[in-house]
Amino acid sequence: MSPDKTTTTSLLYLDGISVSFDGFKALNDLSLIIEPGEMRAVIGPNGAGKTTMMDVITGKTRPDQGEVYFGQGAYDLSKLDETEIAELGIGRKFQKPTVFDMHTVEDNLLLALTSDRRVRGTLLWETAAGQHERIDRILETIRLGQLRSRVAGSLSHGQKQWLEIGMLLAQEPQLLLVDEPVAGMTDAETEQTARLLKEINREKAVVVVEHDMAFVRELGVRVTCLHEGSVLAEGTIDQVSANERVVEVYLGR
Ligand code: ADP
Ligand code: MG
């Protein structure tokens, strides 16, 4: 028996989600389950509904139908707004980096720390040393320690993406949603990003949308292929790449 919202032990539970824009079904009976601590890669052709799926999870778009629950079925995300969902511990990274170019790497992270409402109340009591420790730890994870005093505007595209991931980490999400992180990155940056996400996944669940199949293979995680708003195939990268329908609508083109 498949679990329902009352029995699920999963971190994220989407069941039968549909979203229409002017009669066009961007999501069509989409179901997806993410387990605690899991990393999932989501692939699929342009227009498959990958970004819309993230919009539904983060409360940016309301589903017309279906259920979306977070945290062992505890939270009905369709009833919460974007801020409430972020505060539950779902962090999202958009395609374009949105770091503050005029500020240093370190100050960008500090801003992210202090814009976290859960932390803000304690900042008066938290020592500067405590904050610096957190920032040091994030800088180590995103490997920008050497560049901490540089203004963000002078970073490469890849480094900006890592900084933005670091800013998300500052909010200590349980689940990180990342939309096409390696688009526009060099091969070396792409490899580094796979390592970074794997390291983050030691502590947090991750859903990563990406077209770069070498990158997805490098992640070595379960893959879901979306097509026309629903799941076309799910499994290992080898299983999904060998699926005839996936080849037909996505890989073969
Ligand atoms: P993907 O991220 O897989 O490329 P999207 O989720 O962005 O796909 O888009 C799925 C479909 O929904 C596309 O056809 C897109 O044009 C449409 N769509 C997405 N957002 C909107 C919107 N706000 N208004 C109208 N159509 C939209
Ligand atoms: Mg998209």
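The values are calculated or read from the model by the stated rules, or taken from the named source; none is laboratory data. Since we're looking at a predicted model, the values are computed, not measured. For neighbour counting, all protein chains shown are included, and Cβ atoms are generated from backbone atoms with ideal geometry for every residue, glycine included. When the accessible area is computed, the model is the full protein with side chains, heavy atoms only, and any ligands, DNA or RNA have been set aside. Shrake-Rupley method; radii C 1.70, N 1.55, O 1.52, S 1.80 Å.
Miscellaneous remarks
- Within the set S20, S10, S31, the sole residue that is under 19 Å from the mean Cα position of the chain (by Cα), open to solvent by 20 Å² or more (accessible area, probe 1.4 Å) and among the small types (G, A, S) turns out to be S31.
- Test: V68 is within 18 Å of the chain's Cα centre (by Cα) and more than 23 Å from Q161 (Cα to Cα): yes
- Selection of first residues in segment 179-208 that are in contact (Cβ under 8 Å) with a residue 24 or more places away in the chain and of second residues that are among the charged types (D, E, K, R), restricted to Cβ pairs under 6 Å at least 6 apart or on distinct chains, gives the following pairs, ordered by first then second residue: E180/E210; V182/D212; A194/E218; A205/E38; V207/R40.
- Of the residues making up segment 85-101, those that are open to solvent by less than 80 Å² (accessible area, probe 1.4 Å) and either within 10 Å of T58 (Cα to Cα) or over 12 Å from the mean Cα position of the chain (by Cα) (or both) are I85, A86, E87, L88, I90, G91, R92, P97, V99, D101.
- Checklist (1) under 15 Å from L12 (Cβ atoms); (2) surrounded by 20 or more Cβ atoms within 10 Å (Cβ to Cβ) applied to G66, failing item: (2)
- Condition met for T51 (surrounded by fewer than 21 Cβ atoms within 10 Å (Cβ to Cβ), within 15 Å of ligand 1 (Cβ to nearest atom), closer than 28 Å to E164 by Cα and among the polar types (S, T, N, Q)): yes
- Where G44 falls short, out of the listed (1) within 16 Å of ligand 1 (Cβ to nearest atom); (2) open to solvent by 10 Å² or more (accessible area, probe 1.4 Å); (3) closer than 23 Å to V221 by Cβ: (2)
- Qualifying residue in segment 174-192 (condition: surrounded by 20 or more Cβ atoms within 10 Å (Cβ to Cβ), at positive phi and not charged (D, E, K, R)): no
- Here A170 does not fit the description of being without any contact (Cβ under 8 Å) to a residue 40 or more places away in the chain, in contact with a Leu (Cβ under 9 Å, 6 or more places away or on another chain) and open to solvent by less than 30 Å² (accessible area, probe 1.4 Å).
- Pairing each residue of segment 52-77 that is in a helix (DSSP H, G or I) and at pLDDT 95 or above with any residue that is open to solvent by 20 Å² or more (accessible area, probe 1.4 Å) and within 16 Å of ligand 1 (Cβ to nearest atom), provided the two are 6+ apart or on different chains, yields C-beta distances under 7 Å for T52/T61; M54/R92; D55/T61; V56/P63.
- Among (1) surrounded by fewer than 18 Cβ atoms within 10 Å (Cβ to Cβ); (2) out of contact with any Gly (no Cβ under 9 Å at 6 or more places or on another chain), the one test that D81 misses: (2)
- Some residue of segment 43-63 being over 30 Å from A194 (Cβ atoms) and away from ligand 2 (no atom under 16 Å from the Cβ): yes
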